[in-house]
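A.B. asks: My structure is below; once you've seen it, I'll send some questions.
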Amino acid sequence: MRILTVRNLHHRYADGTQALNGVDFHLDSGECVALLGANGSGKTTFVLHLNGLLETAPEQGSVEVCGVPVKRDTVEQVRAKIGLVFQDSDEQLFMPTVLEDVAFGPANLGLSPEAAAARAKEMLERVGMTGALRKAPYHLSAGEKRRVAIAGVLAMAPEILVLDEPTTFLDPPGQRDLASLLAGLPQAKILVTHDVEFARALATRAVFFERGRVAGEGSVDEIIRRFDWAVGFRQLK
C-alpha cells in the first residue's frame with residue numbers, strides 16, 4: 001500500500017537558492033528507501049517537507065502522508081504518522097532523564113503521565129535502552145543517544161521513520177547495532193545517508209538526488225554503479 005506520495009515538489013530558500021526543482025517520490029508500506037546524493041543536492045530539504053517543517057505553496061507541488069495532504073492545518077495529524085530522527089541526536093534530547101525524554105511526545109498526545117511513562121518504557125525496551133531510564137541524555141554515548149532518539153519517535157507510533165544521516169558519530173559496532181535495530185522495526189523507512197554499506201544492509205530501493213531533482217532510482221547497487229557512488233578513500237589509495 002502506498003503511504004507517501006510526493007508530486008512535483010519545489011523549494012526555494014529566502015536567499016534565492018533553488019533546493020528542490022520538481023521532485024516526484026513514493027514510499028510503500030514496509031519499504032526502506034535510501035536517499036543518496038552529494039551534499040547540497042536537496043535530500044535534507046526534501047525530508048523536512050515530509051512532516052511540514054518547510055512550507056510549500058500548492059502550485060509548487062504536493063506531499064501526501066498516509067492519505068493526508070501536508071498543509072498548515074494538517075501538520076499535527078501528519079507528524080503523528082511520520083517521525084523524523086535528526087542527524088544530531090542532541091537536537092532531539094532535551095529532558096532531564098531518558099525516560100522523561102521518550103515520554104514527552106506521548107504526554108503531548110494527551111496520554112496520562114502513567115500511560116506516557118509506560119509507553120516510553122516499552123519503546124526503550126524495544127531499542128535496548130531500559131538500563132538508561134534514569135540517566136541524563138548527555139551522559140550517553142552517540143550510539144545510545146541515537147537509540148533513545150529513535151525510541152522517542154517510536155513512542156509516537158508513526159507509520160514512517162525518516163532518519164537523516166543515521167550513522168553519523170557512530171563507530172562500526174554502533175552502526176551494526178543500529179542496522180540490526182532498524183531491520184527489526186515494522187515501519188516504512190527513509191534513510192538519508194552517504195554510507196553505502198549501511199544503505200546496502202537495509203534499503204530495498206535507492207533514490208539519487210542531484211541538483212534538487214531525482215536523477216535516478218533502482219536497487220542500491222544499481223544506483224552506486226550508475227553514479228559511481230562507491231568511489232572512496234579505500235579505492236583512491
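Coordinate-derived values only; no laboratory data. Remember, predicted model here, so these are calculated numbers, not experimental data. Counting neighbours? That spans all protein chains shown, and the Cβs are built from the backbone with ideal geometry, glycine included.
A.B. asks: Return one number: the angle in degrees, 0 to 90 and rounded to the nearest 10, between the long axis of the Cα atoms of helix 142-154 and the longest principal axis of the Cα atoms of the chain.
C.D. replies: With rounding to tens, the tilt is 90 degrees.
A.B. asks: Spelling out what I want: for every residue of region 185-195, take phi, set θ = phi - 60°, compute 6.51 cos²θ - 1.76 cosθ + 1.60 (Karplus), and round to whole Hz; glycine and proline get x.
C.D. replies: My calculation for region 185-195 gives 8, x, 5, 5, 9, 10, 10, 8, 8, 9, 8 Hz in order.
A.B. asks: Next up: What is the antiparallel percent of DSSP beta bridges lying wholly in region 148-237, to the nearest 5?
C.D. replies: Here the share of antiparallel DSSP bridges comes out near 50 percent.
A.B. asks: Working out 0.36 nm times the residue gap between Asp228 and Leu133, then minus their Cα-Cα distance, what length gain in nm do you get to one decimal?
C.D. replies: Once the chain is fully extended between Asp228 and Leu133, it gains 29.8 nm.
A.B. asks: Lys/Arg Cβ at +1, Asp/Glu Cβ at -1, dipole of the chain taken about the Cα centre: which of Gly143, Val102, Gly67 is farthest positive-ward?
C.D. replies: Gly143
A.B. asks: Quick one: Karplus J couplings for region 5-19, per residue in order, coefficients 6.51, -1.76, 1.60, θ = phi - 60°, nearest Hz, x for Gly and Pro?
C.D. replies: Along region 5-19, the couplings run 9, 10, 10, 6, 7, 10, 8, 10, 6, 4, 7, x, 5, 8, 7 Hz.
A.B. asks: Another question, if that's okay. Taking H as built 1.01 Å from N, whose amide H comes closer than 5 Å to the amide H of Leu9, not counting residues under 5 places away?
C.D. replies: Those qualifying (amide H under 5 Å, at least 5 residues apart or on another chain) are Gly22, Val23, Asp24, Ser62.
A.B. asks: In nm, to one decimal, how far is the modelled label at Ser141 from the one at Glu125, with both set 7 Å along Cα→Cβ?
C.D. replies: 2.4 nm
A.B. asks: Using square roots of five times the C-alpha gyration tensor eigenvalues, list the equivalent-ellipsoid semi-axes of region 90-157 in whole Å, biggest first.
C.D. replies: Over the Cα atoms of region 90-157, the semi-axes work out to 17, 11, 10 Å.
A.B. asks: Please identify which residues in region 113-149 have an amide N closer than 16 Å to a label point set 7 Å out from the Cα of Arg176, following the Cα→Cβ vector.
C.D. replies: Counting backbone N atoms under 16 Å from the label point, the list is 143.
A.B. asks: Okay, next question. Pop the C-beta distance of Ala183 and Ala115 into the FRET formula with R0 = 22 Å and round what comes out to the nearest 0.05.
C.D. replies: The value I calculate is 0.15.
A.B. asks: Another question about this same structure. Once you list every other residue whose beta carbon is under 13 Å from the beta carbon of Asp90, what net charge do they have if Lys and Arg are +1 and Asp and Glu are -1?
C.D. replies: Its environment carries a net charge of -2.
A.B. asks: Run the numbers for Asn108 and Leu48: contour at 0.36 nm per residue of separation, minus the present Cα-Cα distance, in nm.
C.D. replies: 19.5 nm
A.B. asks: Provide the FRET efficiency to the nearest 0.05 for the Ala157-Arg7 pair, computing r from the beta carbons and using R0 = 22 Å.
C.D. replies: 0.25
A.B. asks: From the phi of every residue in region 43-49, what ³J(HN,Hα) in whole Hz does the Karplus formula 6.51 cos²θ - 1.76 cosθ + 1.60 yield, where θ is phi - 60° and glycine or proline is x?
C.D. replies: Karplus values, whole Hz, x for Gly and Pro: 5, 5, 4, 4, 6, 5, 6.
A.B. asks: Please list, in chain and number order, the residues 5+ apart from Glu210 or on another chain whose amide H is under 5 Å from its amide H, with Hs placed from the backbone.
C.D. replies: Result for Glu210 returns Ala215.
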